[in-house]
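The values are calculated or read from the model by the stated rules, or taken from the named source; none is laboratory data. The shown structure was predicted, so the numbers you read here are calculated from the model rather than taken from an experiment.
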Amino acid sequence: MWSIKGWICGGYCATREDGEMVFIYSRPAWGTGQCGIKRYYELRSRGQLIARISSESSWRPQARAEWLAETDRPLNETDLMDLAALLP
């Protein structure tokens, strides 16, 4: 189970019960090719970009989570979905 500790150094710090940490940074949609997106977050683990969570700006917003890590990590897609559900 994940918990978000709050705003730390321009982002959120999420921790899992076993001590694993992920930093979540809010990013602007402009200049990134992500135009038309309401919210845009990058997830970093041990300094590496591992995932992106976004929300399309429509009358019925839907969260979209993308797993970007190419190497083995102590995280998986289930962790990503849990973190996406916790974000504001």
Might you check whether a residue that is small (Gly, Ala, Ser) and modelled with pLDDT of 85 or more occurs anywhere in the stretch 25-46? yes
Kindly indicate the residue of the stretch 1-24 that is assigned to a loop (DSSP other than H, G, I, E, B) and of a type in the set (Gly, Ala, Ser) and also modelled with the highest pLDDT among those meeting that condition. GLY19
